[in-house]
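The values are calculated or read from the model by the stated rules, or taken from the named source; none is laboratory data. The structure displayed is predicted, hence computed values, not measured ones. Methodologically, a virtual Cβ is constructed for each residue, glycine included, from the backbone with ideal geometry; neighbour enumeration extends over all protein chains shown.
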Amino acid sequence: MVGHINSQLNLAELLRMMAQMPMVSKVDLRQLKPVNAGNPELIFEIIAWIKPSIGTTE
């Protein structure tokens, strides 16, 4: 999922909310290097381990 986080939403709060979801077993956060040196934004990648639903078939 790629998107912008509203500056009012704290990154730590977002991770805490994600970790509390029943289907999420683990949440990880990685800081990525900027796409170019002139980009002042910090870029983070959030990785969530999602438990498969019971009864799902592949």
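Details
- Look at region 9-36: where a residue is over 26 Å from residue 53 (Cα atoms) and a partner is modelled with pLDDT under 90 and surrounded by 12 or more Cβ atoms within 10 Å (Cβ to Cβ), sitting 6+ places away or on another chain with Cβ atoms under 6 Å, you get 31/44.
- Residue 24 satisfies every condition listed in (1) exposed (fewer than 10 other Cβ atoms within 10 Å of the Cβ); (2) modelled with pLDDT of 70 or more except (1).
- If the condition is being at pLDDT 75 or above and of a type in the set (Val, Ile, Thr), then region 29-58 contributes 43, 46, 47, 50.
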